[in-house]
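Colleague: First, the structure itself, so that you have it in front of you.
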Amino acid sequence: MDFIFYFGEVFTFTSMLLLIGGTIGGLIMGATPGLSPTMTVALLIPFTFNMTPVHGLILLGAAYTSTVAGGAVSAILLKIPGAPANIATTLDGNAMARKGEGAKALQLSFIASLIGGIFGVFLLIFLTPVLAKMANSFGYSHTFWLAIIGVTVIGSLEAGSVVKGLLSGCIGMWLATIGFDDIQGVKRFVFHPAIAGGVNIIPALIGLFAIPQVITMFAKGRFQNDIEQIQVKKHPIAKAFQEVFSRKRALIIGTSIGSLIGLIPGVGGQIAGLLAYDQAKKFSPEKKKFGTGHSEGVIAAESANNAMVGPSLVPLLTLSIPGSPTAAVLLGGLIIHGIFPGPTLFQQYPEVIWPFINSMLIGQILMCIFGIYIASLAARVAQVPQFIMAAIVLGLAAFGSFAVQQSMGDVYVMVVLGTMMYFLERFGFSAAPLVLGLILGPIAESNFVTGSLISTAQNGPFVYFFTGGLNILLVSIVILSVGFSIWSEINTKRQS
Amino acid sequence: MNIFQHKLSSGFVAGLAFIVCYISFTRQPSDAYLFPRVISVFFLTLSLWTFFKALLGLSKAGNGLTLNMFRNMLPGMLISSIYLFFAAKFLGFYTATAIAFFLLLTAYDPESYSSVNSWVKRIIITACFIAIMYTLFAKILVVYTPRGMFI
């Protein structure tokens, strides 16, 4: 119950201002197709440099929470999901809007997001300290394997092919070794002075997530946005609350599936939304109504994708393993403020972490309130032509990368990595495992090297890294996750 | 359509993996390259697997690039490269951003170039964007960006 003692920090003027600003900004960015939650959080990190760690994290947390929910606005009113997590919302949300129930669909989606989101944050509050206590007993070999799990799980799930996903993870891990080696101080792989100090994580994150989006918008050429926005009519909010609570089945399915999926590193909101939608349909007596503008579809999908947000931070805060690409970017935000997540995080920085988690709880409520009232405005912003959006994102990416160390080298790193990522993505590679490799690489290396040194004085590296119950369990997870992904890829190919 | 493109992209990654592997196993002190050696073995193995798959025409992941897409992105990439690699340093960040932003809007705005209104609109959007960026970065975040020839 420690979190209760830190609520005061959230209710200060600055924290509330950042929370409200982050929520409104996140809702608008989330509603804008092409601006994913991951990219929004990455672009926001440079703005947190001058803030205290608590304030910086409150802003990032608010943006993370609200971008996921904001994506429902364009899914419902424009039939374009703001983020992959909102794909399932489009199915019934837009159909409802076309029937003249746009306001109702928006209200249902934000209320369901609120309930799912609050449940998810409570899971984060209660599970994180328990897992952190367990993780306290981890040795170097276990932490090494956990870092490898982080890369391989996302690598095998995120990319177009398992091998390319794992290859992306390898590229990330190699990028993490550039610069001075921590133990001997030897310069490694420094091909250009811009990377003499290593690849800075923030410009790399901005480049890997923002630049491919910018180039994608360029690739559409002189393209006219012909998006039809459905006008919304008023709908009493009390009735929307009644409707959500009368559809308990969809709400429970969405919330529980979202929470579980959030805990599994790498699976993400898109799968949570689609799986919850599918299960809600299977268990509903009104199966035929799904896809025609049925409220259960919206409730299941939106409660799931927001319930995923809190649990996706559990492995991040306890084991340094981000549960989703956005959580990986948040890890970058923590690191630049000198906070390294891990089992001792809650003992070392309770004054930072608890207000951050509490702010996510308050942020859910603000997200619901502002979401309902500014949805139409957000949908209008979402119609800003893509060429303007591309130029804005490019400018923000350049300024944001430069601001990290006031170095042009970081701008070069951002643009080179981003351009490379765009072309690699076109051929089935993925940014998420690459980012995880880059973030988890140093953790994996330091534990691997220290473990190797210890092992030479004991029974050798094989015994140290591959024996013992926990090591065997972790290695099995690596093998199983890769094996399962290969099996499902072969199965999909056979079926198609 | 994109078999050649698959060969090219996987060939690039395999080449990179080979260089990483070569450096990791030849540079000294070997202790400093212990982890890169482990990584590079996996890196090279997976990249060669991908490359041979591409050579056999079995690589199908991803949508590849069409000539039209490439043609469309070319002006944007050219403007962005000149902006970020040269202009930002020599003209100063704000001047270069303003010029690049305006050029990008001009290159990608679907409205007719003969319309005076569209030119005015682009100038106004550019001015607003630069004003916001200046307020945010120079005044609020106090980031000292290169001023180039304006120093």
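Colleague: Being facing another protein chain (nearest Cβ under 9 Å), crowded, with 21+ Cβ neighbours inside 10 Å and either touching a Phe, Trp or Tyr at 6+ places or on another chain (Cβ under 9 Å) or modelled with pLDDT of 85 or more (or both), is that true of even one residue in the stretch A:203-212?
Modeller: yes
Colleague: Is it the case that the stretch A:424-444 has a residue that's in contact with a Lys or Arg (Cβ under 8 Å, 6 or more places away or on another chain), closer than 20 Å to residue A:264 by Cα and buried (at least 16 other Cβ atoms within 10 Å of the Cβ)?
Modeller: The answer is yes, given that some residue of the stretch A:424-444 is in contact with a Lys or Arg (Cβ under 8 Å, 6 or more places away or on another chain), closer than 20 Å to residue A:264 by Cα and buried (at least 16 other Cβ atoms within 10 Å of the Cβ).
Colleague: Follow-up question, since we're still on this one. Among the residues of the stretch B:67-83, what is the count of those that are facing chain A (nearest Cβ under 9 Å) and without any contact (Cβ under 8 Å) to a residue 12 or more places away in the chain?
Modeller: 9
Colleague: Turning to a different aspect of this structure: Considering the stretch A:402-414 alone, what residues qualify as being facing chain B (nearest Cβ under 9 Å) and either part of a helix (DSSP H, G or I) or buried (at least 24 other Cβ atoms within 10 Å of the Cβ) (or both)? Write out each step before concluding.
Modeller: Keep residues of the stretch A:402-414 that are facing chain B (nearest Cβ under 9 Å), which gives A:402-403, A:406, A:408, A:411-412, A:414.
Passing the criteria: A:402, A:403, A:408, A:411, A:412, A:414.
Colleague: Does residue B:100 satisfy the criteria of being modelled with pLDDT of 90 or more, in contact with a Leu (Cβ under 8 Å, 6 or more places away or on another chain) and either within 30 Å of residue B:147 (Cβ to Cβ) or among the charged types (D, E, K, R) (or both)?
Modeller: So residue B:100 fits the description; yes.
Colleague: Could you look through the stretch A:144-176, keep only residues that are buried (at least 24 other Cβ atoms within 10 Å of the Cβ) and of a type in the set (S, T, N, Q), and pick out the one that is farthest from the other protein chains (Cβ to nearest Cβ)?
Modeller: Residue satisfying both the conditions and the ranking: A:156.
Colleague: Next up: Of the residues A:437, A:395, A:441, A:418, which is more than 30 Å from residue B:70 (Cβ to Cβ), part of a helix (DSSP H, G or I), in contact with a helix residue (DSSP H, G or I) (Cβ under 7 Å, 6 or more places away or on another chain) and within 11 Å of chain B (Cβ to nearest Cβ)?
Modeller: A:441
Colleague: Please count how many residues of the stretch A:450-461 are out of contact with any helix residue (DSSP H, G or I) (no Cβ under 6 Å at 6 or more places or on another chain) and either modelled with pLDDT of 85 or more or crowded, with 16+ Cβ neighbours inside 10 Å (or both).
Modeller: So the answer is 2.
Colleague: Can you pull out the residues in the stretch A:462-477 that are under 25 Å from residue A:163 (Cα atoms) and either charged (D, E, K, R) or crowded, with 18+ Cβ neighbours inside 10 Å (or both)?
Modeller: Passing the criteria: A:465, A:471, A:474.
Colleague: Suppose we keep only residues that are within 15 Å of residue A:51 (Cβ to Cβ) and touching a helix residue (DSSP H, G or I) at 6+ places or on another chain (Cβ under 9 Å) within the stretch B:137-151. Which one would you say is modelled with the highest pLDDT?
Modeller: B:137
Colleague: Looking at the stretch B:1-33, which of its residues are surrounded by fewer than 21 Cβ atoms within 10 Å (Cβ to Cβ), at pLDDT below 90 and of a type in the set (A, V, I, L, M, F, W, C)?
Modeller: Those that are surrounded by fewer than 21 Cβ atoms within 10 Å (Cβ to Cβ), at pLDDT below 90 and of a type in the set (A, V, I, L, M, F, W, C): B:1, B:3, B:4, B:8.
Colleague: Continuing with this model, one more query. In the stretch B:68-93, how many residues are surrounded by fewer than 21 Cβ atoms within 10 Å (Cβ to Cβ) and under 13 Å from residue B:146 (Cα atoms)?
Modeller: Summing the residues that are surrounded by fewer than 21 Cβ atoms within 10 Å (Cβ to Cβ) and under 13 Å from residue B:146 (Cα atoms) in the stretch B:68-93 gives 7.
Colleague: Looking at (1) closer than 30 Å to residue A:94 by Cβ; (2) within 14 Å of chain B (Cβ to nearest Cβ); (3) under 22 Å from the mean Cα position of the chain (by Cα); (4) buried (at least 21 other Cβ atoms within 10 Å of the Cβ), can you tell me which one residue A:387 breaks?
Modeller: (3)
Colleague: Please go through the stretch B:98-151 and give me each residue that is crowded, with 20+ Cβ neighbours inside 10 Å and of a type in the set (S, T, N, Q), ordered by number.
Modeller: Within the stretch B:98-151, B:126, B:145 qualify.
Colleague: Going through B:91, B:104 one at a time, which residue ends up being within 30 Å of residue B:125 (Cβ to Cβ), facing another protein chain (nearest Cβ under 7 Å), touching a helix residue (DSSP H, G or I) at 6+ places or on another chain (Cβ under 7 Å) and touching a residue at least 12 places away in the same chain (Cβ under 8 Å)?
Modeller: B:104
Colleague: Please go through (1) closer than 21 Å to residue A:175 by Cα; (2) within 25 Å of the chain's Cα centre (by Cα); (3) outside any helix (DSSP H, G or I) for residue B:64 and return the number of the only condition it doesn't satisfy.
Modeller: (1) is the only condition that residue B:64 fails.
Colleague: A further question on this structure: Which of (1) more than 9 Å from chain A (Cβ to nearest Cβ); (2) under 30 Å from residue A:448 (Cβ atoms); (3) not in a helix (DSSP H, G or I) is the odd one out, the single condition residue B:22 does not satisfy?
Modeller: (3)
Colleague: Write out, first by first residue and then by second, each pair whose Cβ atoms fall under 8 Å of each other, whose residues are 6+ apart or on separate chains, and whose first residue, in the stretch A:471-487, is over 15 Å from residue A:321 (Cβ atoms) while the second is aliphatic (A, V, I, L, M) and surrounded by 14 or more Cβ atoms within 10 Å (Cβ to Cβ).
Modeller: A:482/A:162; A:482/A:166; A:485/A:157; A:485/A:162; A:486/A:162
Colleague: Among the listed residues B:145, B:50, B:97, identify the single one that is in a loop (DSSP other than H, G, I, E, B) and at the interface with chain A (Cβ under 8 Å from one of its Cβ atoms). It would help to see each step written out before you state the result.
Modeller: Details: B:50 fails: in a loop (DSSP other than H, G, I, E, B); B:97 fails: in a loop (DSSP other than H, G, I, E, B).
After ruling out the rest, the residue left standing is B:145.
The values are calculated or read from the model by the stated rules, or taken from the named source; none is laboratory data. Computed from a predicted structure; not experimentally measured. Here the Cβ is made from the backbone with ideal geometry for all residues, glycine too, and neighbour counts use every protein chain on show.
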